[in-house]
1. Consider Leu126 carefully, then state whether it is outside any helix (DSSP H, G or I) and over 31 Å from the mean Cα position of the chain (by Cα).
2. Can you name the residue in segment 112-136 that is among the small types (Gly, Ala, Ser) and within 18 Å of Gly98 (Cβ to Cβ) and is also surrounded by the fewest Cβ atoms within 10 Å (Cβ to Cβ) among such residues?
3. Restricting to segment 143-174, name every residue that is in contact (Cβ under 8 Å) with a residue 40 or more places away in the chain and within 23 Å of Pro88 (Cβ to Cβ).
4. When you look at Pro107, is it touching a Lys or Arg at 6+ places or on another chain (Cβ under 7 Å) and either open to solvent by less than 60 Å² (accessible area, probe 1.4 Å) or not in a helix (DSSP H, G or I) (or both), yes or no?
Amino acid sequence: MTERREAGSDAPARLDAPRCAPPSVGPAPEPKPLPLSPPVPPPTDSRPAPAGPGDAAAGGPGDGRPGIRPGGRGPRLPRRLRHPVLPPLATLGGGLLGAAYLYRTDPHLPGQWLPRCPFHWLTGLLCPACGGTRMTYDLIHGDLPAAFADNAVLLVLGLPAVAWWGGRWLHEGARGRRYRPRLEGTGTIVVLTVAVLWTVLRNVAGWTPG
């Protein structure tokens, strides 16, 4: 290795070989975090929680939204509108309105706005309840023989049974208890037997409503 000196300079001679600059050292790259699996939600109980004392009177269990049933099943009627006496009273009111309309609408005359029996319309035969509207009209006007001629079985057996069930339904509802009339096996057989025999008898014997 030889050294050279510049003319008129006392500085030491530089090496011929170029010096390489040291590599720049930067900050170390941060390690990438490993992908994490999504958290698994804890198991939830689908059964509605029992209503507590702080719940709304007609709402869900403490959700702060009155009128919302547990589990998001829609609004629920207030407690006073769910009293057992309301369904029989509503049924009785509907029956009274129908009777008031029927009082001034004679079903014995054609062209009246009254429902027609679909069984008789399709087959031309009389069903066990055919003549019931005329029977009700005659009964409202106090004509018992005409009502008997319209539908004897419905007047003698059907009307008392409906009155007894309706009266018991109203009585139980007034006492705050729910009542649903049920027919046992024997009762169902009796009702069906009477209905079939009455249908055959009135169609064969020609007992048509008056």
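The values are calculated or read from the model by the stated rules, or taken from the named source; none is laboratory data. Just so it is clear, the structure is predicted and the values come from calculations on it, not from any experiment. Cβ coordinates were reconstructed from backbone atoms using ideal geometry, including for glycine residues, and neighbour counts include every protein chain displayed. The protein model used for the area step is the full one, side chains on, heavy atoms only, and it has no ligands, DNA or RNA in it. Shrake-Rupley method; radii C 1.70, N 1.55, O 1.52, S 1.80 Å.
1. Working: outside any helix (DSSP H, G or I): yes; over 31 Å from the mean Cα position of the chain (by Cα): yes.
Here the answer is yes, as Leu126 does meet what is asked.
2. Taking segment 112-136 as the starting set, the residues that turn out to be among the small types (Gly, Ala, Ser) are 124, 129, 131-132.
Now narrow it down to the ones that are within 18 Å of Gly98 (Cβ to Cβ): 129, 131-132.
Values: Ala129: 18, Gly131: 27, Gly132: 20.
Among residues in segment 112-136 that are among the small types (Gly, Ala, Ser) and within 18 Å of Gly98 (Cβ to Cβ), the one surrounded by the fewest Cβ atoms within 10 Å (Cβ to Cβ) is Ala129.
3. Within segment 143-174, Gly166, Trp169, Leu170, Glu172, Gly173, Ala174 meet the criteria.
4. yes
One line per residue, one yes/no per condition, for (1) under 36 Å from the mean Cα position of the chain (by Cα); (2) farther than 30 Å from Ala174 by Cβ:
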position	(1), (2)
Leu97	yes, no
Thr105	yes, yes
Leu109	no, yes
Leu122	yes, yes
Gly131	yes, yes
Leu139	no, no
Gly142	no, no
Pro145	no, yes
Ala152	no, yes
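Conditions tested, residue by residue: (1) over 21 Å from Asp138 (Cα atoms); (2) in contact with a helix residue (DSSP H, G or I) (Cβ under 6 Å, 6 or more places away or on another chain); (3) open to solvent by less than 80 Å² (accessible area, probe 1.4 Å); (4) assigned to a helix (DSSP H, G or I).
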| residue | (1), (2), (3), (4) |
| --- | --- |
| Phe148 | no, yes, no, yes |
| Leu154 | no, yes, yes, yes |
| Leu159 | no, no, yes, yes |
| Val162 | no, no, no, yes |
| Gly173 | yes, yes, yes, yes |
| Arg178 | yes, no, no, no |
| Gly187 | yes, no, yes, yes |
| Leu192 | yes, no, no, yes |
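Listed here are the residues, each with its yes/no results for (1) at pLDDT 95 or above; (2) under 23 Å from Ala205 (Cβ atoms); (3) open to solvent by less than 70 Å² (accessible area, probe 1.4 Å).
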| position | (1), (2), (3) |
| --- | --- |
| Pro88 | no, no, yes |
| Tyr101 | yes, no, no |
| Asp138 | yes, yes, yes |
| His141 | yes, no, no |
| Arg168 | no, no, no |
